[in-house]
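Let me begin by presenting the structure, written as structure tokens, before commenting on it.
The values are calculated or read from the model by the stated rules, or taken from the named source; none is laboratory data. Since the structure is predicted, the reported quantities are computational estimates derived from the model, not experimental observations. We place every Cβ from the backbone using ideal geometry, glycine too, and count neighbours over all the protein chains shown.
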Amino acid sequence: MRYLPLTDTDRSAMLAKIGAADIDALFADVPAEARLSGPIEGLPLHQSEMAVERHMRALAKKNLAAADAAFFCGAGAYRHHIPASVDHIIQRGEFLTAYTPYQPEIAQGTLQMLFEFQTQVARLYGCAVANASMYDGSTAAWEAVAMASRVTRRRRAVLSGALHPHYVETIRTMAKFTGDEIADALPTIQGSPDITGLIDRIDDQTSCVVVQYPDILGRLTDLAAIAEAAHAKGALLIAVNTEPVALGAIKSPGELGADIVVGEGQALGVGLQFGGPYLGLFAVRDPKHVRQMPGRLCGETVDAEGKRGFVLTLSTREQHIRREKATSNICTNSGLCALAFSVHLTLLGEEGLRRLAAENHRLACLAADRLARVPGVLVLNDSFFNEFTVMLGQDARDVVRRLTDKHILAGVSLGRLYPAHDALHEGLVVAVTETTSEEDIETLASALEEVLA
Amino acid sequence: MPRYFTDEHEWIEVDGDTATVGITDYAQGQLGDIVFVELPQPGTQVAKGKDAAVVESVKAASDVYAPITGEVTEANGALEDDPALVNSAPEDGGWFFKLTISDPSELEGLMDAAAYKSFCDGL
């Protein structure tokens, strides 16, 4: 490979080859309003480093950051306290890498850490085997759907209406290229998820049923009943979890009969970080399915002298060996995020995770009780962990905007999640974690009283 | 029963309207320890020269091609529990699948045991 800049001729040749008119055509999928159309406003083309920093800092101040507000946003990304020691440990030379290595056995530190990570994920999810991680929760959900097609040799996935709409979009996008049929639905605005409706949609062509647990509205569902119904039709149950801290308080999906358990690991160790990079978790309950798993898998073994060591195992599933017949095109993992997750969870320990989960739930109960006393507010959920949905009797997006002016980030409105569905617009998903103080809850409740009055 | 060989190192043994397919002793020797075999489901249509199964050793995953066109009638379930049968008995108990013979003339281009032996000697 030559490390020389491309010439205009090189560029035209490459664009001609792929049939793109110009470089901008490659960004057609980014909405026009999200693209920068010219120089940054107020910044001349030539300016000193210090002046640029000053200008950018002023621009950044227009944002209202999570740590500067009473913060109740969740819906798939959660703010938790990450101990300072996590950042310190992940920067150690034995560990620090963004990827699984391509000459893996020389990086025993990384492999050992991944082995521990897989063990943690498998135990958290109640599964036999977890992989070394995926890109994020939504792509892990798609990989689970694709895996279910391989296992069952069927091509119809039934998605619960209460699966995160961004996950649904990711699954739909990928299914465009594989021909899988995706049967999705909208969430029902009820205290409990519509299990009967979901079970009725399973037929003998169904490869899998995809259920979020807790769901997009924060509700808990009877996974065991859905697992039984899916298995009776020869389909697999895929459970999706977006808040791993919940598993310190509720039964694991694997214990309840889910065949594949996937989710977002961001809540532990990773931080909100403007939406990414995040951490996809992926595990299977039954070891017989391991060959159909996507992604990298680290295993423990012994070397020629009988000493304990770690390897990447079952690589023949992977693209660098199996080519187009690989289980997935992922040939990497989210190494650094997986490390942060693993370090955070190790520092917590099992007991620490249970205490953290209990504190999240306690504060969420306080918040739900307090908000229920606000005139015009209806708390929807019959059950929840650290997130619940309130109905506001008016478009929640407007309420969120007005509360933002008061430095309160009140939650994620269903209007934002489902912009095309007016019937859902009065809903607001409110998340409460250990970072939420009782004062924050009072601030939200009293501001909501004013705004709704 | 007549047995034929392909230059991709599959063997096929004809028994009336059906045939049994596996990989040769030479092939298993080249692949090394077999750890997994992915077999076609009964009912699958396979075409001459197209991939029909996958054999996985500790170092590689390789396609196994159908020597002739036909419909798979049976897959060797014993390989699921004991893939090493392909190493120990490649041309016997380590067979892969049975299929119907759509066009017997497709067998004409294949090698017999003597021709296959000299083919391997030349490799």
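Things worth noting here:
- Within segment B:33-54, considering residues that are more than 10 Å from chain A (Cβ to nearest Cβ) and in contact with a helix residue (DSSP H, G or I) (Cβ under 8 Å, 6 or more places away or on another chain), the one surrounded by the fewest Cβ atoms within 10 Å (Cβ to Cβ): B:ASP33
- Candidates B:TYR26, B:TYR65 - the one that is in contact with a Cys (Cβ under 9 Å, 6 or more places away or on another chain), closer than 24 Å to B:ALA113 by Cβ and surrounded by fewer than 21 Cβ atoms within 10 Å (Cβ to Cβ): B:TYR26
- Among the residues listed as A:ALA146, A:ALA157, A:ALA141, A:ALA107, the single one being over 19 Å from A:GLY263 (Cβ atoms) and among the aliphatic types (A, V, I, L, M): A:ALA107
- Subset of segment B:55-94 [β-branched (Val, Ile, Thr), within 13 Å of another protein chain (Cβ to nearest Cβ) and in contact with a Leu (Cβ under 8 Å, 6 or more places away or on another chain)]: B:VAL55
- If you go through segment A:114-152 and keep only what is among the hydrophobic types (A, V, I, L, M, F, W, C) and under 18 Å from A:ASP215 (Cα atoms), you end up with A:LEU124, A:ALA140, A:ALA141, A:TRP142, A:ALA144, A:VAL145.
- Qualifying residue in segment A:59-70 (condition: more than 32 Å from the chain's Cα centre (by Cα) and assigned to a loop (DSSP other than H, G, I, E, B)): no
- Residue match in segment A:262-274 (condition: at pLDDT below 95, on the phi > 0 side of the Ramachandran plot and within 14 Å of chain B (Cβ to nearest Cβ)): no
- Flag if A:PHE274 is closer than 28 Å to A:THR332 by Cβ, of a type in the set (A, V, I, L, M, F, W, C) and surrounded by fewer than 17 Cβ atoms within 10 Å (Cβ to Cβ): yes
- Of all residues in segment A:252-275, those that are within 20 Å of A:ASN386 (Cβ to Cβ) have Cβ atoms under 7 Å from Cβ atoms of residues that are at pLDDT below 95 and surrounded by fewer than 24 Cβ atoms within 10 Å (Cβ to Cβ), 6 or more apart or on another chain, in A:LEU272/A:ALA66.
- Of the criteria (1) surrounded by fewer than 18 Cβ atoms within 10 Å (Cβ to Cβ); (2) out of contact with any strand residue (DSSP E or B) (no Cβ under 6 Å at 6 or more places or on another chain); (3) in a helix (DSSP H, G or I), which one A:PRO101 fails: (3)
- Matching residues, segment A:268-309, being of a type in the set (Gly, Ala, Ser) and more than 15 Å from A:TYR125 (Cα to Cα): A:GLY269, A:GLY271, A:GLY275, A:GLY276, A:GLY295, A:GLY299, A:ALA304, A:GLY306, A:GLY309
- Out of A:ALA122, A:ALA28, A:ALA75, A:ALA51, sole residue that is assigned by TED's automatic domain parsing to the domain that holds A:LEU448 and either touching a residue at least 24 places away in the same chain (Cβ under 8 Å) or loosely packed, with under 14 Cβ neighbours inside 10 Å (or both): A:ALA75
- Test: residue in segment A:129-141 that is assigned to a loop (DSSP other than H, G, I, E, B), polar (S, T, N, Q) and free of Cβ contacts under 8 Å to residues at least 24 places away in the same chain: no
- Restricting attention to segment A:159-203, the residues being of a type in the set (Lys, Arg) and more than 22 Å from the chain's Cα centre (by Cα) number 1.
- Scanning segment A:282-319 for residues that are of a type in the set (Gly, Ala, Ser), surrounded by fewer than 22 Cβ atoms within 10 Å (Cβ to Cβ) and either more than 13 Å from A:ALA130 (Cβ to Cβ) or away from every other protein chain (no Cβ under 14 Å) (or both) returns A:ALA304, A:GLY306, A:GLY309, A:SER315.
- Enumeration of residues in segment A:246-271 that are within 13 Å of the chain's Cα centre (by Cα) and crowded, with 22+ Cβ neighbours inside 10 Å: A:VAL261, A:VAL262, A:GLY263, A:GLU264, A:GLY265, A:GLN266, A:ALA267, A:LEU268, A:VAL270
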